[in-house]
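Below is one structure, written out as structure tokens; comments come after it.
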Amino acid sequence: MKARTLLAISLSLGIALAAGAARAFPDGPITIIVPFPPGGATDTTARFMEPHMSKVLGANIVVENKPGATGAIGAGLVADAEANGQTLLVASLGTFATNPYLQKKLSYDPVKDFDLLTVAVSTPNVLVATPKFKPGSVQELVAAMKEKPESVTFASSGTGSSDHLTAALFWQATGTKGVHVPYKGGSAAQADLVGGHVDVSFQNLGAIINFVQGGQMKALAQTGEKRHPLLPNVPTLTELGYSNIVVNAWQGVAAPKGLPADVKARLNQAIQASLKDPEVVAKFNKLGFDVVANSNEEFGTYLNKEMARWKDVIEKGNISAE
């Protein structure tokens, strides 16, 4: 009888402890890994989300920048982390959708190694030039590139980034070829563009709108389906006859694969609440970001489509990060 009583007490205690453990999330600080340097679009996304998420979860959230290899280093760290919700990844198109086709020794699989939580925001890319660059339109740029092949330098935030691959898609569509100049992050590419050390670049609208409005860069075209309200006088590439160059750069949120269901639900609640908070939306919109905040399933479907599209561009351009 005593044995049965002890067993019952032990089982009850075990259930209570398990329930307590489930209720404890988060039981410490949460780290958001940004696999790029500070100052770029991905870093901005994480830092806009962090304060509201922290309030909703009642936890201290730390944003850590772990740059390198177009996000592969930071993403690998998250893939190897414990799936307890305490480590998250905020990364870009390149990290999620193109690295698998560019890096032969990639340490993670974006589909198998992560629980995809949401596409947080998206923004069109903008073809910008240093003010000193002579061509003032896409037509003049294409003419100059055809007259002197590989004479125009295209800056990017890294090989395989959305800005690099948008340039590759542009070259394929126009029958031209530029000189790719990769940097370690968007902020470094933008600095050299402002300084006149490179000619042009396809940069996220959200990252360069202040430069354009301040006259430090000139915008030649944008890659959205329609003109963005922040650049009403800048034509889309579709308007200019290049209908296949509709590109939206985006930032997604993920966690190590295998999150407990209750933890995943709590994270989803906090992330969605943060992204849909009116103050947060206004901050994103001011910089040209559109809040997406889709579901886990929608993120998965979208990622599969993006991977297929950019795989084709990479293969046609014979692009490699090795």
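The values are calculated or read from the model by the stated rules, or taken from the named source; none is laboratory data. Computed from a predicted structure; not experimentally measured. Here the Cβ is made from the backbone with ideal geometry for all residues, glycine too, and neighbour counts use every protein chain on show. The area values use the complete protein model at the heavy-atom level, side chains included, leaving out ligands, DNA and RNA. Shrake-Rupley method; radii C 1.70, N 1.55, O 1.52, S 1.80 Å.
What does the net charge come to around K55 if you take all other residues with beta carbon closer than 12 Å to its beta carbon, with K and R at +1 and D and E at -1? Before the final figure, lay out each step's value.
Numbers: positive: none; negative: E50, D277, E279.
Its environment carries a net charge of -3.
Distance between the C-alpha centres of region 255-290 and region 91-151: 24 Å, rounded to the whole angstrom.
Could you please report the charge total around G224, scoring K, R as +1 and D, E as -1 over all other residues with beta-carbon less than 11 angstrom from its beta-carbon?
Working: positive: K226, R227; negative: E225, E239, D290.
Net local charge, G224 excluded: -1.
Once you divide the Cα radius of gyration of region 29-103 by 2.2 N^0.38 Å, the number left is 1.08.
For D115, the amide hydrogen comes within under 5 Å of the amide hydrogens of A255, K257, G258, counting only partners 5 or more places away or on other chains and with H modelled in the peptide plane. Across the accessible surface of region 137-271, with the other protein chains kept in place and a 1.4 Å probe, carbon and sulfur atoms take up 50 percent.
Helical content of the chain, expressed as a calculated mean residue ellipticity at 222 nm, amounts to -13500 deg cm²/dmol (DSSP H runs of 4 or more residues, -39,500 (n - 2.57) each, divided by residue number, nearest 500).
On a full-extension model of 0.36 nm per residue, what is the gain between A265 and N60, subtracting their alpha-carbon distance, rounded to one decimal in nm?
Working: separation 205, 0.36 × 205 = 73.80 nm, distance 1.86 nm.
Extending this stretch completely gives an extra 71.9 nm.
The base-10 log of I(q)/I(0) for region 186-322, evaluated at q = 0.12, 0.17, 0.18, 0.19 Å⁻¹, reads -0.67, -1.19, -1.26, -1.32 [Debye formula, identical scatterers on Cα atoms, solvent excluded]. For the chain, a Gaussian network of Cα nodes joined below 10 Å ranks K226, K283, K105 by mean-square fluctuation, and the top entry is K105.
Cβ-Cβ distance of A24 and E239, R₀ of 41 Å, FRET efficiency by 1/(1 + (r/R0)^6): the value works out to about 0.15.
Once both labels are positioned 7 Å from their Cα atoms along Cα-to-Cβ, the gap between V179 and A191 label points is 2.1 nm.
Normalising by the residue count of region 162-273, find the relative contact order in percent from Cα pairs under 8 Å and 6+ residues apart.
Numbers: 75 pairs, mean separation 23.3, N = 112.
Relative contact order here is 21 percent.
Within the assembled protein chains, the solvent-accessible surface assigned to D113 is about 50 Å², based on a 1.4 Å probe. Each of I73, G224, T238 was placed along the dipole of the chain (beta-carbon charges, centred on the mean Cα), and the one lying farthest toward the positive end is I73. Tell me whether region 77-143 comes out rounded, prolate or oblate; compute the Cα gyration tensor, take square roots of the eigenvalues as a ≥ b ≥ c, and use a/c under 1.5 as the rounded threshold. Here region 77-143 falls in the prolate category.
Treating r as the C-beta distance of I73 and R309 and R0 as 30 Å, the FRET efficiency rounds to 0.75. For the set K132, K305, K218, solvent exposure ranked by accessible area (probe 1.4 Å, protein chains only) runs largest to smallest as K132, K305, K218.
Heavy-atom accessible area for H197, with the other protein chains in place and a 1.4 Å probe, reaches approximately 130 Å². Positive end of the dipole of region 61-189 (Cβ unit charges, origin at the Cα centre): among Y183, P149, N125, the Cα lying farthest that way belongs to P149.
Check cross-link reach from K305 to the lysines: straight Cα distance under 22 Å, and skip same-chain residues fewer than eight apart. The reachable lysines, counting only those whose Cα sits under 22 Å from K305, are K104, K112, K226, K257, K316.
Over the chain, give the accessible area per residue in Å² for a 1.4 Å probe, as an integer.
Working: 14290 Å² over 322 residues.
Result: 44 Å² per residue.
Under the rule a/c < 1.5 gives rounded, and otherwise a/b versus b/c splits prolate from oblate, where does region 151-197 land using the Cα gyration tensor? Note, shape of region 151-197 comes out oblate.
Under the rule a/c < 1.5 gives rounded, and otherwise a/b versus b/c splits prolate from oblate, where does region 128-178 land using the Cα gyration tensor?
Values: a/c = 1.96, a/b = 1.31, b/c = 1.49.
Oblate.
The residues packed around V119, meaning those with a beta-carbon under 11 Å from its beta-carbon, carry a net charge of -3 if Lys and Arg are +1 and Asp and Glu are -1. This structure gives semi-axes √(5λ) of the Cα gyration tensor in Å, computed directly, and of [x] 48, 19, 16; [y] 43, 22, 19; [z] 43, 20, 15 that value is listed as [z]. For region 92-201, the fraction of C-alpha pairs farther apart than 20 angstrom is 46 percent.
Need the full-extension length gain, K132 to K226, defined as separation in residues times 0.36 nm minus the C-alpha distance. One decimal, nm. Display every interim value, and only then the final one.
Numbers: separation 94, 0.36 × 94 = 33.84 nm, distance 2.74 nm.
Full extension from K132 to K226 adds 31.1 nm.
Length gained on full extension, R47 to K146: 31.5 nm, using 0.36 nm per residue less the C-alpha separation.
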